[in-house]
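K.L.:
Just dropping this structure here.
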Amino acid sequence: MQSYTVQPAQAVRGEIAVPGDKSISHRSIMLGSLASGTTTVRGLLRGEDNLATLRAFQAMGIETEDDGELLVIRGKGLHGLTEPTDVIDCGNSGTSIRLICGLLAAQDFFSVLTGDQYLRRRPMKRVIEPLCRMGAKIHGRAGGDKAPLAIVGTRLTGIDYASPVASAQVKSALMLAGLYADGETRVTEPSLSRDHSERMFRYFGADVTTFPGGVTVRGGRELEGREIVVPGDISSAAFFIVAALIVPGSELLIRGVGVNPTRTGILDILGAMGASIELVDQRELSGEPVADLLVRSSRLNGIEIGGDVVPRAIDEFPVIAVAAALASGRTVIRDARELRVKETDRIAAMAANLRKAGVSVEETDDGMVIDGVEALSGCAAESCGDHRIAMSMLVAGLAARQAITVDDTECIATSFPTFLPLLEQVGIRR
Ligand code: S3P
């Protein structure tokens, strides 16, 4: 097991670019495989999660070429996938297993999806239950809630589904199934989760309509291969944004970051805490808004976080908790129960780690209450096998009095394989 130690930092300065957006990378591989003709993807994130998606489509007969810059996908059309000869292993990736499950439910073959020890603990019923209402035949452990999942592909019928959770994975799984279903598949959600599927379905020519609170997909229309440029992942940029904010004397420019409004909750939350983050040179790439972010160290204040901003920042709460730990006053996070079913229970994991770093944190059912301190104490933190916990605690180490060591840092490769070299590039000592 690899561990990593960061020393207190002087300042975080310079100019960086973060790797491609994980959610958009998954979807570009999926839709490129289902489209007719060639799709090219520039800026693809080659993290373990996305490689799991890529391998899944290769196992279903899709040919790809990758020179490290450009991924070329030879799409075979909506009905071109072939039965995989083995179990498909999604590794740690919830997006891979849930979205591919929706797609496989509509194929005319049998397949099995599994994942690593963490993914096999995560709830799958949220996608399986509505898919079964469409006619899908899917079986899993724990009464059909846990992987491995066995899927007997069949003909599906569109449904009108009101999802009880704001989840882009649920929405996207049903949208993928909806590409094949008879009639219309309509999904509404309690508040808007990331809309990359809606945007990319449209970009590939799918019959998709959005309306306030939801999306409708009509089945049967073929997709066309496209050229995609993936913007930098704001969820990866988040670690460097918080690093620059909490280390005095910092100024960091992060180039080419995706600023889709369904993902910029982190900017709104940190802005409300007093952060100085400027959006420079806003532009659009393959239907997604992009900007450069200029971040300067700032004095942060504790705030109350809840409601519609939560799904717009859902992956950023571990590092938001670090910012809150160094803010003056109290930060209350609520409406974030979903954090308990991420790669690990992120409420429990961050509460335990921040306490080790000398912060008073109260766990609640759907969030936490954090009382900020002047500086963190050095400690040995645990990643719990979760990439975002590992990176958050390494960022915490930059603003601690002594070194923070994080165990089991291999998991960082699932979403941000270049995180540690990039930290060193902006002047962080190990
Ligand atoms: C994702 C959706 C979110 C997010 C995950 C990526 C996606 O999960 O946490 O990292 O690409 O659709 P939920 O749908 O469970 O909220």
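The values are calculated or read from the model by the stated rules, or taken from the named source; none is laboratory data. These figures come from a predicted structure and were not determined experimentally. Please note: Cβ atoms are built from the backbone with ideal geometry, for glycine as well, and neighbour counts cover all protein chains shown. Just the protein is used for accessible areas: all its heavy atoms, side chains included, with ligands, DNA and RNA removed. Shrake-Rupley method; radii C 1.70, N 1.55, O 1.52, S 1.80 Å.
K.L.:
Using each residue's phi in the stretch 322-328, evaluate 6.51 cos²θ - 1.76 cosθ + 1.60 at θ = phi - 60° and report the 3J(HN,Hα) Karplus result to the nearest Hz, with x for Gly and Pro.
P.N.:
So the Karplus estimates, Gly and Pro as x, are 5, 4, 5, 5, 10, 8, 8 Hz.
K.L.:
While we're looking at this one, here's another question. Give me the extension gain from Asp66 to Ser36: residue separation times 0.36 nm, minus the current Cα-Cα distance, reported in nm with one decimal. Mind dumping the intermediate values first?
P.N.:
Working: separation 30, 0.36 × 30 = 10.80 nm, distance 1.88 nm.
That works out to 8.9 nm of additional length.
K.L.:
With every protein chain in place, what's the accessible area of Val359 (1.4 Å probe, Å², nearest 10)?
P.N.:
For Val359, the solvent-accessible surface is approximately 10 Å².
K.L.:
Hey, what's the per residue convex hull volume over the C-alpha atoms of the stretch 22-229, in cubic angstrom?
P.N.:
Working: hull volume 20.6 nm³, N = 208.
Each residue corresponds to 99 Å³ of Cα convex hull volume.
K.L.:
Now for a different question. Using the Cα atoms of the chain, I'd like the radius of gyration and the largest Cα-Cα distance, Dmax, both in angstrom.
P.N.:
When restricted to the Cα atoms of the chain, Rg and Dmax are 21.0, 61 Å.
K.L.:
With a sphere of radius 12 Å drawn around the Cβ of Ile305, what net charge do the other residues whose Cβ falls strictly inside it have (Lys, Arg +1; Asp, Glu -1)?
P.N.:
Details: positive: Arg312, Arg330, Arg334; negative: Asp268, Glu304, Asp308, Glu316, Asp335, Asp366.
For residues surrounding Ile305, the net value is -3.
K.L.:
Let me ask you something else. Can you give the accessible area of Phe239, probe radius 1.4 Å, in Å² rounded to 10?
P.N.:
0
K.L.:
Follow-up. Note down the net charge around Ile159, summing +1 for each Lys or Arg and -1 for each Asp or Glu among other residues with Cβ under 14 Å from its Cβ.
P.N.:
Details: positive: Arg133, Arg155, Lys171, Arg186, Arg218; negative: Glu129, Asp160, Asp182, Glu184.
Here the charged neighbours net out to +1.
K.L.:
While we're here: With θ taken as phi - 60° and the coefficients 6.51, -1.76 and 1.60, list the Karplus ³J(HN,Hα) couplings across the stretch 125-139 in order, rounded to whole Hz; mark glycine and proline as x.
P.N.:
Running phi through 6.51 cos²θ - 1.76 cosθ + 1.60 with θ = phi - 60° gives 4, 4, 9, 5, 4, x, 5, 5, 5, 7, x, 5, 10, 9, 10 Hz.
K.L.:
Pulled fully out, how much extra length does the chain show between Leu253 and Asp207, if you take 0.36 nm times their separation in residues and subtract their Cα-Cα distance?
P.N.:
12.7 nm
K.L.:
In deg cm²/dmol and to the nearest 500, what is the mean residue ellipticity at 222 nm of the chain if only DSSP H runs of at least 4 residues count, each as -39500 (n - 2.57), divided by the residue total?
P.N.:
Calculated at 222 nm, the ellipticity per residue is -8500 deg cm²/dmol.
K.L.:
What length, rounded to one decimal in nm, is gained on full extension from His79 through to Asp366, with 0.36 nm per residue of separation minus their alpha-carbon distance? Don't skip to the answer; put the middle values down first.
P.N.:
Numbers: separation 287, 0.36 × 287 = 103.32 nm, distance 4.19 nm.
Here the segment from His79 to Asp366 would lengthen by 99.1 nm.
K.L.:
At 1.4 Å probe size, with every protein chain present, just tell me what the per residue accessible area of the chain comes to in Å². Mind showing how you got there, number by number?
P.N.:
On the way: 15250 Å² over 430 residues.
Roughly 35 Å² per residue, with all protein chains present.
K.L.:
Turning to a different aspect of this structure: For Lys342, give me every one of the lysines with a C-alpha distance below 21 angstrom, ignoring sequence neighbours fewer than eight places off in its own chain.
P.N.:
Lys22, Lys125, Lys146, Lys171
K.L.:
Relative to the longest principal Cα axis of the chain, at what angle does helix 94-104 sit, 0 to 90 degrees, rounded to 10?
P.N.:
Computed tilt is about 10 degrees.
K.L.:
Ok, one more. Could you check how much of the accessible area of the stretch 22-229 is carbon and sulfur, as a whole percent, using a 1.4 Å probe? Mind showing how you got there, number by number?
P.N.:
Working: 3710 of 7700 Å².
Answer for the stretch 22-229: carbon and sulfur cover 48 percent of the accessible area.
K.L.:
In addition: Given a Förster distance of 22 Å, report the FRET efficiency between Glu224 and Gln282 from their Cβ-Cβ distance, rounded to the nearest 0.05. Working shown, then result.
P.N.:
Details: r = 28 Å, r/R0 = 1.26.
For Glu224 and Gln282, the calculated efficiency is 0.20.
K.L.:
Please report the net charge: other residues with Cβ closer than 15 Å to the Cβ of Ser328, K and R +1, D and E -1.
P.N.:
Values: positive: Arg299, Arg330; negative: Glu304, Asp371, Glu374.
Around Ser328, the charge tally is -1.
K.L.:
Hand me the GluC sites (Glu not before Pro) from the stretch 45-108 located in a DSSP loop with no more than 16 other Cβ atoms within 10 Å, in residue order please.
P.N.:
Details: sites: Glu48, Glu63, Glu65, Glu69; in loops: Glu69.
Taking the stretch 45-108 and a limit of 16 other Cβ atoms within 10 Å, the loop GluC sites (Glu not before Pro) found are Glu69.
K.L.:
Over what distance in Å are the Cα centres of the stretch 356-411 and the stretch 179-247 separated?
P.N.:
31
K.L.:
Take the Cα of Arg355, step 7 Å along the line toward its Cβ, and report every residue of the stretch 371-392 whose backbone nitrogen sits under 15 Å from that point.
P.N.:
371, 380-382
K.L.:
Oh, and also: Of the candidates Asp66, Asp345, Asp315, which one comes out as most mobile in a Gaussian network treatment of the chain with C-alpha springs shorter than 10 Å?
P.N.:
Asp66
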